[in-house]
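The values are calculated or read from the model by the stated rules, or taken from the named source; none is laboratory data. Only a predicted model underlies this, so the values are computations on that prediction, with no experimental measurement involved. As a convention, Cβ positions derive from the backbone with ideal geometry for all residues, glycine included, and neighbour counts pool all protein chains shown.
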Amino acid sequence: MSALRGDRRLDLLLADAEELRPVLDEGLPGEAAQRGPRPREKDSFERKRTDADPNDLTVQRWAVVMPRGREGDQLLEAIAPLIRLREEEQGAPVTVYRVPPDMDAREAAAWREAECWRDDVPEDQWPYYLLLLGDLHHISLEFQQAIAGSALVGRVQFEGASGEADLDSYAAYAQKVARFAREGTTEPSSDMLFFVAPDGSTATHAGATKLVGPSLTAVQEGRDKGSLLVASVRAIDAETTDELLAAGASGRPSVLLSVSHGLGPPRRGFRSEEEQRRRQGALLLGRGEVLDAERMRRQRFLPGGLWFCVACFGAGTPSASAYHAWLSQLAKEGAYGGKAELALQSLPAHGHRPFVAAMPQAALASPEGPLGVIGHMDLAWTYSFSSVSNPAESRKSRILSALRTMARGSRAGVALGTLLQSYGEANDALMASYQLEASARAEGRPDPTDRVDRARLWMLRNDLRGYVLLGDPAARLPLRQSALRGMALERPGGVVSSPYDGEPTPASLKSAGSRAAQRSWRST
């Protein structure tokens with residue numbers, strides 16, 4: 001819509017779960033974003049060991065962050081095959097950190113300095129890759145987002161029908177990642193797939209004209225010139241879930257970019273908390289076709305691949321939205337026909353917990369499913385691929401850079417890191433605008449800032465901030481040159497050392513048979 005009419009509206013990729021149509025079909029006026037609140041604090045974007053190969057675990061290191069208590073121990077035991085794999089790759093034991101729930105951004109930053117990057121631990125042993133275990137009430141989204149500013153972070157979460165941890169799915173995912181990493185494939189390059197839901201909405205039209213279409217063209221040109229080694233570039237023409245699943249069932253490792261509406265609640269709300277956790281974030285493909293967890297379960301779809309999914313709540317639903325204060329004020333005033341209030345209904349009700357979306361859980365749990373999913377953990381707008389100076393223009397490069405990084409065989413966390421660099425730039429520019437305003441006020445000068453530009457930066461910052469990685473941040477496409485072929489990596493002398501030698505080894509890892517973990521398990 002924006003590209004055709006030039007009205008610079010705010011398009012939202014959220015659909016009603018009952019009516020199966022967009023919640024804000026005509027979006028919101030662009031000037032509505034001028035009333036967005038100032039971020040509470042400036043984020044940190046320290047990057048560690050950027051002079052070394054970011055994919056080299058012997059330098060960058062990989063660690064696990066898990067909830068405290070018995071449930072955390074069970075999750076750790078379930079992913080033992082993945083831990084053994086990463087120990088082999090980095091030639092050192094895996095560090096395990098146990099954290100409390102409900103940590104906010106400030107507490108996460110303090111934890112990072114006090115525990116993750118400790119002065120009494122050599123810097124070359126600080127982990128750059130962090131795998132979080134559990135749902136958002138185990139380890140908060142605020143923790144994940146704060147740590148992602150300075151590390152490569154992914155989350156693995158699988159929930160059973162009654163809300164308990166699905167340990168079998170944790171184990172299946174760990175085994176899948178280890179299997180693809182050790183065995184690889186005979187393929188030297190990947191497929192790149194592109195899909196836009198054919199629902200006729202203005203938001204998906206923006207996704208097609210500003211992101212998917214230009215990205216597909218750029219990738220095809222790169223392939224033709226030899227600057228990007230991919231086996232094929234293909235737009236998926238699918239109107240049903242069966243057609244989409246069939247298109248993604250190829251044996252060649254693939255990178256998929258999809259744009260669709262994610263399901264939010266019906267106007268009368270979900271009937272239960274369980275229904276919301278099961279349905280919210282499922283993908284509306286159009287004409288009543290929904291790709292949800294039930295349809296995805298045990299499907300062969302993107303085997304060994306990576307998926308960038310653009311949709312509201314496609315990765316999960318937080319307890320609070322970055323847009324909550326802004327939309328609440330618009331709703332209170334009845335602005336824009338009360339449309340803003342509809343978007344607010346998607347958040348968990350009082351007393352209900354935040355959650356990782358069920359659909360990507362089902363995809364990751366499948367033995368023949370993807371290794372990682374980058375998705376949105378909030379309301380997803382079209383700003384992540386729009387120009388700040390002119391939202392009608394495309395800025396496909398923010399997301400395309402992540403796709404190219406994955407296709408070239410880099411790890412999924414590295415790909416997300418390229419996207420978060422754009423977030424850091426938008427965050428810095430936004431905070432600089434507020435600083436200019438404050439300085440002018442203190443010196444008695446006119447405010448030099450442009451409120452329209454600030455509103456666009458605010459939307460861009462928050463839209464990019466919502467993207468997270470579900471899956472192991474060290475997962476990568478199992479291309480021929482990336483496979484371990486079962487070869488363990490050890491340091492000279494065949495003994496892996498650690499400053500935490502002598503501490504008790506968790507019983508779960510003893511039973512898993514991890515020799516390095518039994519000898520020297522680093523635990524905080």
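Look through the stretch 394-430, keep the residues that are of a type in the set (A, V, I, L, M, F, W, C) and modelled with pLDDT under 90, and return whichever of them is nearest to the chain's Cα centre (by Cα).
Filtering the stretch 394-430 for residues of a type in the set (A, V, I, L, M, F, W, C) gives 399-400, 402-403, 406-407, 412, 414-416, 419-420, 426, 429-430.
Add one more test, that the residue is modelled with pLDDT under 90, and what stays is 426, 429-430.
Numbers: ALA426: 18, ALA429: 23, LEU430: 22 Å.
Step by step, filter the stretch 394-430, then rank; the result is ALA426.
Evaluate the stretch 54-68: report whether one residue or more is at pLDDT below 75 and either among the small types (Gly, Ala, Ser) or assigned by TED's automatic domain parsing to the domain that holds GLY424 (or both). First the steps, then the outcome.
Here is the first cut: in the stretch 54-68, the ones at pLDDT below 75 are none.
No, the stretch 54-68 contains no residue that is at pLDDT below 75 and either among the small types (Gly, Ala, Ser) or assigned by TED's automatic domain parsing to the domain that holds GLY424 (or both).
Residues in the stretch 349-363: is at least one out of contact with any strand residue (DSSP E or B) (no Cβ under 9 Å at 6 or more places or on another chain), buried (at least 20 other Cβ atoms within 10 Å of the Cβ) and under 30 Å from ARG182 (Cβ atoms)?
yes
Just checking, which of GLY264, GLY207 is surrounded by 23 or more Cβ atoms within 10 Å (Cβ to Cβ) and closer than 20 Å to PRO360 by Cα?
GLY264
Can you confirm whether the stretch 374-385 contains a residue that is part of a strand (DSSP E or B), surrounded by fewer than 24 Cβ atoms within 10 Å (Cβ to Cβ) and of a type in the set (Gly, Ala, Ser)?
no
So for the stretch 315-331 (the condition being in a loop (DSSP other than H, G, I, E, B) and closer than 30 Å to GLU183 by Cα), does at least one residue qualify? So that I can check it myself, show each step before the final result.
Of the residues in the stretch 315-331, the ones in a loop (DSSP other than H, G, I, E, B) are 315, 318-323.
Those still in the list that are closer than 30 Å to GLU183 by Cα too: 315.
Yes: the stretch 315-331 contains one or more residues that are in a loop (DSSP other than H, G, I, E, B) and closer than 30 Å to GLU183 by Cα.
Determine which member of the set GLY248, GLY281 is crowded, with 21+ Cβ neighbours inside 10 Å, of a type in the set (Gly, Ala, Ser) and under 19 Å from the mean Cα position of the chain (by Cα).
GLY281
Evaluate the stretch 162-180: report whether one residue or more is under 24 Å from ALA402 (Cα atoms), in the same structural domain as ARG21 (by TED's automatic domain parsing), hydroxyl-bearing (Ser, Thr, Tyr) and buried (at least 24 other Cβ atoms within 10 Å of the Cβ).
Looking through the stretch 162-180, none of the residues is under 24 Å from ALA402 (Cα atoms), in the same structural domain as ARG21 (by TED's automatic domain parsing), hydroxyl-bearing (Ser, Thr, Tyr) and buried (at least 24 other Cβ atoms within 10 Å of the Cβ).
Can you name the condition, by its number, that PRO198 falls short on among (1) buried (at least 18 other Cβ atoms within 10 Å of the Cβ); (2) within 28 Å of LEU14 (Cα to Cα)?
Tallying (1) buried (at least 18 other Cβ atoms within 10 Å of the Cβ); (2) within 28 Å of LEU14 (Cα to Cα), PRO198 fails exactly one: (1).
Got at least one residue in the stretch 406-414 being within 15 Å of LEU256 (Cα to Cα) and touching a Ser or Thr at 6+ places or on another chain (Cβ under 6 Å)?
Yes: the stretch 406-414 contains one or more residues that are within 15 Å of LEU256 (Cα to Cα) and touching a Ser or Thr at 6+ places or on another chain (Cβ under 6 Å).
Name the residues in the stretch 386-401 that are of a type outside the set (D, E, K, R) and either part of a loop (DSSP other than H, G, I, E, B) or under 17 Å from TYR467 (Cβ atoms) (or both), would you? First the steps, then the outcome.
Just the residues of the stretch 386-401 that are of a type outside the set (D, E, K, R), to begin with: 386-392, 394, 397, 399-401.
Across the stretch 386-401, the qualifying residues are SER386, SER387, VAL388, SER389, ASN390, PRO391, ALA392, SER397, ILE399, LEU400, SER401.
Regarding ARG98, is this residue in contact with a helix residue (DSSP H, G or I) (Cβ under 8 Å, 6 or more places away or on another chain) and either outside any helix (DSSP H, G or I) or free of Cβ contacts under 8 Å to residues at least 24 places away in the same chain (or both)? Walk me through it before giving the result.
Details: in contact with a helix residue (DSSP H, G or I) (Cβ under 8 Å, 6 or more places away or on another chain): yes; either outside any helix (DSSP H, G or I) or free of Cβ contacts under 8 Å to residues at least 24 places away in the same chain (or both): yes.
Yes; evaluated as a whole, the condition is true for this residue.
When you check LEU132 against the structure, is it within 18 Å of THR58 (Cβ to Cβ), of a type outside the set (D, E, K, R) and modelled with pLDDT of 95 or more, yes or no?
In short, no.
Give just the number: which of (1) touching a Leu at 6+ places or on another chain (Cβ under 6 Å); (2) under 25 Å from ALA105 (Cα atoms) does ARG182 not satisfy?
The one condition ARG182 does not meet is (2).
Quick one: in the stretch 406-427, which of the residues that are touching a residue at least 40 places away in the same chain (Cβ under 8 Å) and over 30 Å from GLY184 (Cα atoms) is surrounded by the most Cβ atoms within 10 Å (Cβ to Cβ)?
Going through the qualifying residues, I end up with TYR423.
Farther than 23 Å from HIS138 by Cα, in contact (Cβ under 8 Å) with a residue 24 or more places away in the chain and touching a strand residue (DSSP E or B) at 6+ places or on another chain (Cβ under 7 Å): is that true of PRO214 in this structure?
yes
Output the residues belonging to the stretch 192-203 that are modelled with pLDDT under 95 and either assigned to a strand (DSSP E or B) or within 20 Å of ARG398 (Cα to Cα) (or both).
Hit for the stretch 192-203 is ALA203, nothing else.
The rows are residues; the columns are (1) surrounded by 15 or more Cβ atoms within 10 Å (Cβ to Cβ); (2) at negative phi; (3) at pLDDT 95 or above; (4) among the hydrophobic types (A, V, I, L, M, F, W, C).
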{"residue": "GLU46", "(1), (2), (3), (4)": "no, yes, no, no"}
{"residue": "PRO81", "(1), (2), (3), (4)": "yes, yes, yes, no"}
{"residue": "LEU85", "(1), (2), (3), (4)": "yes, yes, yes, yes"}
{"residue": "GLU115", "(1), (2), (3), (4)": "yes, yes, no, no"}
{"residue": "ASP119", "(1), (2), (3), (4)": "no, yes, no, no"}
{"residue": "TRP126", "(1), (2), (3), (4)": "yes, yes, no, yes"}
{"residue": "GLY149", "(1), (2), (3), (4)": "yes, yes, no, no"}
{"residue": "LEU152", "(1), (2), (3), (4)": "yes, yes, yes, yes"}
